[in-house]
Amino acid sequence: MRSESLRGYALLSPTLVVMLFSMCAPFALMVLMSFWAQHGFKFDTSFTLANYREALSSPIYKALLFRSLKISGACALATVLISYPMAYYVAFHVHRRKLLWIILMTLPFWTSYLLRVFAWKIVLGYNGVINSGLKVVGLINHPLEFLLYSPTAVVITLAHAWAAFAVLPLYVSLEKIDRSLLEAAADLGDGPALRFLRVTLPLSLPGVMAAMLLIFIPTVGDYVTPALVGGPNGIMIANMIQAEFGKVNNWPMGAALAIAMMVIVALISLVYVWVLRKATEQIG
Amino acid sequence: MSGNDSYIVIENVSKHFGPVIAVDQIDISIRAGEFFSLLGASGCGKTTLLRMLAGFEVPTSGEIYIDQMPVTAVPPHKRPTNMVFQNYAIFPHLNVRRNIAYGLRAAKLSKAERDHKVDEALELVKLPGLGARSATELSGGQRQRVALARALIKRPKVLLLDEPLGALDKKLREEMQLELRALQQSLGITFIFVTHDQEEAMTLSDRIAVMSQGRVLQMASPKEIYDHPNSVEVADFIGQMNFMDAIVTDRTGSSLVLDVAVLGQVTVANGAASLQPGAQAVVAIRPERLSLSSTKTARNGNCIEGAIQSVAYLGDRSHFYVSVNGREQPLAVVAQDTDLAGAPSLGSKSKVWVSWQDDALLLLPKD
Amino acid sequence: MSNVSYIQRPNRVLLIYALIYLAYLYIPVLFLPLFSFNDSLYVAFPLKGFTTRWYVEMLDNEPMQAALLNSLKVGVVASIVATLLGIFGAKAVSRYRIFAQKAVVSTIMLPLVIPGIILGVALLILLSRLGIGLSLVTVTLGHILICVPFSMATLMARFEGLEASFEEAAADLGDNAWWVFWRVTFPVVFPGILASLLLCFTISFDEFIMAFFLAGSDPTLPIFIYSQLRFPQKLPGVLALGACILMVSFVVVFVSQWLQGRGGLAAIDKDHRP
């Protein structure tokens, strides 16, 4: 058995080496750097917690972090809510050409993220599609200003961009539900609504929770969407991090912010999963 | 239609799935309190028929009545039927208590009343105290009983069972068969049971409908089907049978004389009217109605010579396969241990005489 | 009468919802091609007139073409390398019992859930400390990192679909490792390889944030597009470019998923009723 494991690792080694070099080592170094300071172009490598202190106490950083978490949370919730009926439809009511539907649902996700965000920029803009369209039809006289450059715009754009990410895990968990369970529920007296509430929903809940987490984690660190449609009120922590590596030129601060963000997200996720586990144990 | 005799009426029901005819114009009346089985090989339509009774499939044509009420268009959750599914369909996210009590939600019982009913149901299926167990921790036999309890707790008018014992091992299956029978008789609920296992159907049922290719071949009590199958197909499906081709040579009133392959000339008392001299037919005889002897003893001349090809010893009885002239397949003969007292050492290659009584012969139409 | 059982009877409301949802998914994106033919500098209704001049102008746009070439180079290299690494990885994981397999696979899949900016920034830090200058090579490295999980996932699905006993039978009948791979493994895995190549290429081609951090003086196409967004008169050109990219992506991904077909998501589909 040991030699089999070794042979396996030998085969795996190129992949592991690449991952090690391009992800693990960089992370380790980033953690290290977060304890440094930067003066001009020189790094002061003496250990200091100043960056973290600043990250967690400065009102700007805290506000940005908090806003990022709120926006991502709202986006995750919204996306899962609107995608659930879609996943349900394909799982339960599509009998032919399921593959086609699956591809159609997820296709937009594989195309350029940048372009999709940009598309929303032109849709929501001051003279954009919605505003000019409503004007032409005569519904409004002045453009709606709240559409663009706001946290709302960020949530809308993110929800659209990540919809496919929600649809897939939801679809998988719904597809796996044994149809005879629904027949049994019907046989025992439950109409369609009750069947959904008592059987389908509980059994699909793991998929729902997974989808929410799957969307929450990456969107906290999104850069492009807040940059293009967020405006000054809608920027998120990633934009700050980018600034630290760019104009502000304080790499250790940027590293500390990045790590702080990841740690907070990881903690929230763990708590979330733990709470979920407790809750499902109660029901069963 | 009188009440009890036609408690469940399946009237000219057909079900088509596109070009496939799963159920073909079936007429069945089932009595109240009856243990009724639908028996047939896979694909014969029995499960489709059951599902139409439950409401999961809608008949392409025909009507279904339960206790005088037409239910053809009624959705499953509004029917007075409950079903035990083949895979049991136990809800994995609920424990045993909640599974069993699932159908009681609409009854608006108090918690105490509900708990009492669940305990009662658990007693009924011999699983006392298992209420708190999680659904995923049950053995196959236990899941089967939970499914049964869940379906019976509402005391439905009709219990539908879709091959519920198929996944159990032999001993457990036989145990459950006896329990099911006892349960049905004590509760008095009409059971409709689907199976492909003819022994099971014979053991459990008051009446059996033997099905093939969407049609009912014969519907009668187990004894009637066994002793008087109406066709080669039914005769072959139930129990073992020896078949021989025959031609009618003479007819006097209802008495027929036939020339049967291997057996020679035989006389059958009540031949069907359609069988005139020259007509082809099939003569059949059960293996246990044939007797073996090492000497030619039969008084009535019903005796032929043969040689034992192989023997299967089953403890209380033995299956002999006897090759005879004029027949490629050996004749199957079943003899109880006591029958062979006079001829103890009948083994392979032994010469034997096979004999039978006149009334043991069955006359069946040729397909 | 319907052939479909009661539980699966059709639902009009959900169908309408599904169609609206699909419209919601596609329409915002479809505005890009729509306005790329609009004879106006501004993206607004009413439409001003049909024109193809924005597309024609792309032919003279040298910086754009250079960026396009860069993206193609990076995409091709990244997809090939990521797919190769994915093949090795998938084979190792599905054929050998490896110590700490779950941990290893989870690590390899990590880039899927870590925001791109973090991966980009971390790699930037390493490269700068090592004194390695930023260029298309560093961008390619970053792209390989994020493509490997997709490649592994695609190929693991394929390998799992291939019974180990096929390969064992071939070996038993006399094929050495190379021939076993060529005659048994490869034909079955090939659609997965193709799908992985297409998928990784698309991911790399469209990827912006990591490229943003890791690129030197040669921009990739997304970086080029991003830089143009500041200039209003460049807007229609960006629309035209965007429309082209979108259409090509659609086709490429559609084909890749269709090839994946039986081995991928559709394998979960239990309702294979004709």
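The values are calculated or read from the model by the stated rules, or taken from the named source; none is laboratory data. Nothing here was measured: the structure is a model prediction, and the numbers come from that model. Here the Cβ positions follow ideal geometry from the backbone for every residue, glycine too, while neighbour counts run over all protein chains shown.
Within region A:153-194, the residues that satisfy the criterion of being facing chain B (nearest Cβ under 8 Å) and either touching a residue at least 12 places away in the same chain (Cβ under 8 Å) or touching a Cys at 6+ places or on another chain (Cβ under 8 Å) (or both) are A:Leu181, A:Ala185. The residue pairs whose first member lies in region B:134-161 and is on the phi > 0 side of the Ramachandran plot, whose second member is buried (at least 19 other Cβ atoms within 10 Å of the Cβ), and whose beta carbons are closer than 8 Å, counting only pairs six or more residues apart or on different chains, are B:Arg155/B:Ile189.
Number of residues in region B:68-83 that are more than 9 Å from chain A (Cβ to nearest Cβ) and buried (at least 19 other Cβ atoms within 10 Å of the Cβ): the value is 1. Scan region C:5-41 residue by residue and report those that are free of Cβ contacts under 8 Å to residues at least 40 places away in the same chain, more than 7 Å from every other protein chain (Cβ to nearest Cβ) and not in a helix (DSSP H, G or I). Across region C:5-41, the qualifying residues are C:Arg9, C:Phe37, C:Asp39.
Among the conditions (1) at pLDDT below 85; (2) surrounded by 11 or more Cβ atoms within 10 Å (Cβ to Cβ), B:Asn300 misses just one, which is (2). Within region C:94-118, being at the interface with chain A (Cβ under 7 Å from one of its Cβ atoms) and either in contact (Cβ under 8 Å) with a residue 40 or more places away in the chain or assigned to a loop (DSSP other than H, G, I, E, B) (or both) holds for C:Tyr96, C:Arg97, C:Ile98, C:Phe99, C:Ile108, C:Val113, C:Pro115, C:Ile117.
In a residue-by-residue description of region C:72-93, the property of being modelled with pLDDT of 90 or more, basic (Lys, Arg) and in a helix (DSSP H, G or I) applies to at least one position. The condition of being small (Gly, Ala, Ser) and under 29 Å from the mean Cα position of the chain (by Cα) holds for only one of B:Ala112, B:Ala106, B:Ala167, that being B:Ala167. Among the residues of region B:3-17, count how many are within 14 Å of another protein chain (Cβ to nearest Cβ), of a type outside the set (D, E, K, R) and buried (at least 19 other Cβ atoms within 10 Å of the Cβ). So the count comes out to 1. Of all residues in region C:119-135, those that are outside any loop (DSSP other than H, G, I, E, B) and touching a residue at least 60 places away in the same chain (Cβ under 8 Å) total 6. The condition (being within 11 Å of another protein chain (Cβ to nearest Cβ) and at pLDDT 85 or above) is satisfied by just one residue among C:Phe254, C:Phe250, C:Phe213: C:Phe213. If you check every pair at least six apart or on different chains, which have Cβ atoms under 7 Å apart with a residue in region A:124-135 that is of a type in the set (Ser, Thr, Tyr) first and a residue that is surrounded by 15 or more Cβ atoms within 10 Å (Cβ to Cβ) second? Short answer, once both residue conditions are applied: A:Tyr126/A:Pro143; A:Tyr126/A:Leu148; A:Ser132/C:Ala44; A:Ser132/C:Phe45. Restricting attention to region A:251-277 and to residues that are more than 19 Å from the chain's Cα centre (by Cα) and modelled with pLDDT of 90 or more, the residue that is farthest from A:Val224 (Cα to Cα) turns out to be A:Pro252. For region B:88-102, the count of residues that are modelled with pLDDT under 95, under 22 Å from B:Gln184 (Cα atoms) and out of contact with any helix residue (DSSP H, G or I) (no Cβ under 8 Å at 6 or more places or on another chain) is zero.
Residue count for region B:156-189 under the criterion of being in a loop (DSSP other than H, G, I, E, B) and out of contact with any strand residue (DSSP E or B) (no Cβ under 9 Å at 6 or more places or on another chain): the result is 4. If I filter region A:36-54 for residues that are out of contact with any helix residue (DSSP H, G or I) (no Cβ under 8 Å at 6 or more places or on another chain), in a helix (DSSP H, G or I) and among the β-branched types (Val, Ile, Thr), do I get at least one hit? Scanning region A:36-54 turns up no residue that is out of contact with any helix residue (DSSP H, G or I) (no Cβ under 8 Å at 6 or more places or on another chain), in a helix (DSSP H, G or I) and among the β-branched types (Val, Ile, Thr).
Whenever a residue of region A:98-119 is over 14 Å from A:His160 (Cα atoms) and at the interface with chain C (Cβ under 7 Å from one of its Cβ atoms), its partners that are among the acidic types (Asp, Glu) and not in a helix (DSSP H, G or I), lying with C-beta atoms within less than 9 angstrom and at least six residues away or across chains, give the pairs A:Lys98/C:Asp269; A:Lys98/C:Asp271; A:Leu99/C:Asp269; A:Ile102/C:Asp269.
Listed by position, the strands (runs of 3 or more DSSP E) contained in region B:190-293 that have at least 2 residues being surrounded by fewer than 17 Cβ atoms within 10 Å (Cβ to Cβ) are B:242-252, B:255-260, B:264-268.
Tell me, please, whether a residue that is crowded, with 19+ Cβ neighbours inside 10 Å and touching a His at 6+ places or on another chain (Cβ under 9 Å) can be found in region C:192-200. The answer is yes; a qualifying residue exists.
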